[in-house]
1. Under the √(5λ) rule applied to the eigenvalues of the Cα gyration tensor, what semi-axes describe the equivalent ellipsoid of the stretch 54-125? Give them in Å, descending.
2. Can you tell me the Rg and the Dmax, both Å, for the Cα atoms in the stretch 184-223?
3. Can you tell which of L36, I21, I73 lies farthest toward the positive end of the dipole of the stretch 9-127, using +1 and -1 charges on the Cβ of basic and acidic side chains (Lys, Arg; Asp, Glu)?
4. How far is helix 56-75 tilted, in degrees, relative to the longest principal axis of the Cα atoms in the chain, given as a value from 0 to 90 rounded to the nearest 10?
5. Which residue fluctuates most in the GNM of the chain (Cα springs below 10 Å): M177, M123, M204?
6. Once you've got the GNM for the chain with C-alpha springs shorter than 10 Å, pick whichever of V37, V71, V201 has the biggest mean-square fluctuation.
7. So how strong a dipole does the stretch 130-179 carry about its Cα centre when Lys and Arg Cβ are +1 and Asp and Glu Cβ are -1, to the nearest 20 debye?
8. Using only the alpha carbons of the chain, determine the length spanned along each of the three principal axes and report them from longest to shortest in whole angstroms.
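The values are calculated or read from the model by the stated rules, or taken from the named source; none is laboratory data. Keep in mind that what you see is a predicted model, and the values were worked out from it rather than measured. Ideal geometry is used to build each Cβ from the backbone, glycine not excepted, and the neighbour counts take in all protein chains shown. The protein model used for the area step is the full one, side chains on, heavy atoms only, and it has no ligands, DNA or RNA in it. Shrake-Rupley method; radii C 1.70, N 1.55, O 1.52, S 1.80 Å.
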Amino acid sequence: MKVRIKLSPNQIAQLLRCAGIGVEKLTKLAIELGDLVDPPLRPDLLLEEFTKLLGPEDAEFLLDQLLSLSVSIRASDSKSVDVTQAIQNAIENAADREKWDSIALCIQTLIDSAPIRLVTKAMELSYDHANLLRRGRILTDLRPIFDEEGSAVEAGVVTHTLRIAYVSDDGRHELSMALDLQDILKFKEQCERAIRKASTVRDMFTLSTKKPCLISGEAEETDV
């Protein structure tokens, strides 16, 4: 499949920065990733593996580039070799093209590695929905009850509004719904139950299959 990629000067500079890491380190990283017995499913855990060899700055930068390329490959239904070749074709400067050629095979190997592939697929499955939640908030207000003349406040009512911001194929949207206290208590109960169910399913799957299992959105500081 012929893949055409239009790169900005900034994108080219970012990709070429990977050459600064060095072929030796990139090759060693590919070997170490291939030796992982239990490849992580979370980007933050995979970043830890990269950091062990490359240091925090290069590790984060390289992982971002690899995941971005991996996502592009899956979205275009192409192969890593197609994309690395397309990148070479998109680089006009001969010196820059030579830099890219020096690391293209390493980048291709890293993209095809099980950890990059698994993290990319896990991210894809986690957010493969028509609508994606961006932000959810519950706003609480005090609404006064006035007397007949509107000159004095006789009482008050506390109200709640659930405001949801989400993204769909046709852009960003926002939705607001009125809630009462019983709605909020039920939401709290359902959220706590969902967290317990997620932990139960993850633990049972891991125990029975001896394979890793990711809870969508799970991160180090929010482990359940």
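1. Working: eigenvalues 91, 51, 18 Å².
Calculated on Cα positions only, the semi-axes equal 21, 16, 9 Å.
2. 12.0, 38
3. Toward the positive end, the furthest listed residue is I73.
4. Here the helix axis deviates by roughly 90 degrees.
5. In the Gaussian network model the winner is M177.
6. Looking only at V37, V71, V201, the biggest GNM fluctuation is shown by V37.
7. On the way: 6 positive and 8 negative charges, 109 e Å.
With only Lys, Arg, Asp and Glu charged at Cβ, the dipole is about 520 debye.
8. Here the Cα extents, ordered largest to smallest, are 82, 46, 34 Å.
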